[in-house]
Every structure is written in structure tokens, then in C-alpha cells.
Amino acid sequence: MIGIIDYDAGNIKSVEKALLMLGEEPCITRDPEILLHADKVILPGVGAFGNAMEKIHEYGLYDVIHKIVENKTPFLGICLGLQLMFEKSEESIGVEGLGLLKGEILRIPDHAGTLKIPHIGWNSLQFPNEGRLFKGIAQDSYVYFVHSYYLKAEEENIVTATTEYGTHIHASVEKDNIFACQFHPEKSSTVGLKILDNFIHLDREES
């Protein structure tokens, strides 16, 4: 069973719909027992960094998430979910993230108004390091982004996909059993479904 963490963030239902299309039976929940016994867990979401962390603490999910990761359960963050995995964000100064990975979330520079922020649309991916989520995915494949902030990971070797939008964006990372995408695989057509399918079929030994 794949657990989808419910912390009142947007876009959770579209992740559920994509998993159903792939023949899975996902469970949207904030119940610690269900999440801790899930085969895999996804932290999706659209929204503000500070508000999301407030909800995670309010629902007692901070320690649950850390326990899921400690248990070596494959764990995938999507969009805001990726950002929350890191230490801090310029969107919410003074708010600590989950701190699962080292790095920070920065605002996309608008270059004196020449770029539209938020970045909404399709961008191609490059793969600087081999990623298990991207098996069978061609270089320069297009995926769908909706974001105003981007990841700058501290460890370059965990970055498995990048893109360019006014700056160099770390679009996906993998470390041990932790996976994350800034883009929305659930909204990225056949490429996105393949990425989710790769996550679904990970063995714990792989992560």
C-alpha cells in the first residue's frame, strides 16, 4: 500500500488519481500507524512552506516522517513536498524544514520582470547523476512545473535531474530511500506516470 500524507496541502487528490491509473490502491491519511506500515509513502503538496510546516507539526507528522525515513521505507516528496525535506526556505524565513536533506529553497530570480513568476509550464530535464526514478526516461524529456521557489541542494551527488528557468534548478534528488521531484509527475503525462511507476516498483533493497 502507498500512503499519501494528508497535511491539508493542495494537489493531493491528483497524486491519488495518478496512482489509481497505475493500478495502485493509495491511502490518503495522517494516521501514524497506517503511514508507518505502508510499503511506500508520498509527501505531495502545493502551498506555502511555513504554513505546511505548521500543519505537519500540528498533526504530529514531523516525528512520523522521520521514522518512516529511518525505517528505510521509500519516501517521495513532490513539489512543496520536496522543499519541505530540506532545511529552510526563503519563502518563510526562520521556519525550519524537515531537515531530511541538506540544502535551501530560494526564490526564482525574475531578471527585472522578464520571467514570469511563478514558473508554470513544461521544462526539459537533464540528468547529471543516475536516478532510479528516471529509468527508461530519455534525456531532455519534458515535465510540468508550478513553483516560485527552487532547490539548491548542498550535495551535488544526490541531484538526479536539473532544469533551467532563470537559474540552474535542482529538479530531482535521490539519497538512499529518499526521493523528491520539484515538478509534478502526476501532471506530466506518460513521462510522469513512468516516473511514478519506477517509484512504485522500487524494492526496499534498492533504496
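For segment 163-207, what is the accessible area per residue in Å², given a 1.4 Å probe and the full set of protein chains? Kindly include the intermediate steps, with their values, before the conclusion.
On the way: 1620 Å² over 45 residues.
Per-residue accessible area for segment 163-207 comes out at 36 Å².
Find the relative contact order for the chain and round it to a whole percent, using C-alpha pairs within less than 8 Å whose residues are 6+ positions apart.
It comes to 19 percent, rounded to a whole number.
May I ask you to list the GluC sites (Glu not before Pro) in segment 51-135 that are in a DSSP loop and have at most 16 other Cβ atoms within 10 Å of their Cβ?
Glu87, Glu90, Glu96, Glu130
Let me check something: with ligands and nucleic acids excluded, how do Lys175, Lys135 order by accessible area (1.4 Å probe), largest to smallest?
Greatest to least solvent exposure: Lys135, Lys175.
Quantify, in whole percent, the carbon and sulfur part of the accessible surface of segment 1-133 (1.4 Å probe; protein heavy atoms only).
Reported share for carbon and sulfur atoms: 49 percent.
Lys and Arg at +1, Asp and Glu at -1: add these up for the other residues within a Cβ distance under 12 Å of Gly50 and post the number.
On the way: positive: Lys55, Lys88; negative: Glu54, Glu90, Glu91, Glu96.
Neighbour charge sum, excluding Gly50 itself: -2.
Less than 14 Å Cβ to Cβ from Tyr165, Lys/Arg counted +1 and Asp/Glu -1: what total charge do the surrounding residues give?
Net of charged neighbours comes to +1.
Which one, Leu61, Gln139, Val191, projects farthest toward the positive side of the charge dipole computed for segment 55-207 from Cβ point charges (K/R +1, D/E -1)?
Final value for the positive-end residue is Val191.
Taking only protein heavy atoms into account and a 1.4 Å probe, give the accessible area per residue of segment 1-153 in Å².
Each residue of segment 1-153 exposes 46 Å² on average to a 1.4 Å probe.
Please list 3J(HN,Hα) in residue order for segment 35-44, calculated via the Karplus relation 6.51 cos²θ - 1.76 cosθ + 1.60 where θ = phi - 60°; whole Hz, with x for glycine and proline.
Working through the residues one at a time gives 5, 6, 9, 5, 6, 8, 9, 10, 10, x Hz.
Can you give the direction-averaged projected area of the convex hull of the alpha-carbon atoms in the chain, in nm²?
Computing the convex hull of the Cα atoms and averaging its projections yields 10.3 nm².
Taking the Cβ of Glu155 as the centre, find all other residues whose Cβ is under 14 Å away and add up their charges (Lys, Arg: +1; Asp, Glu: -1).
-3
Mind giving me the FRET efficiency for Met21 and Thr114? R0 is 41 Å, r the Cβ-Cβ distance, nearest 0.05 is fine.
Computed FRET efficiency for Met21 and Thr114 comes out at 0.65.
Would you kindly derive the ³J(HN,Hα) couplings of segment 21-31 from the backbone phi angles with the Karplus curve 6.51 cos²θ - 1.76 cosθ + 1.60 (θ = phi - 60°), listing them in order in whole Hz, with x for Gly and Pro?
Rounded to whole hertz, the list is 4, 8, x, 8, 10, x, 10, 7, 7, 10, 6.
The values are calculated or read from the model by the stated rules, or taken from the named source; none is laboratory data. In this text, all values refer to a predicted model and were calculated from it rather than measured experimentally. Backbone-built Cβ (ideal geometry, glycine too); neighbour counts: all protein chains shown. Protein only, heavy atoms only, side chains kept; ligands, DNA and RNA dropped before computing areas. Shrake-Rupley method; radii C 1.70, N 1.55, O 1.52, S 1.80 Å.
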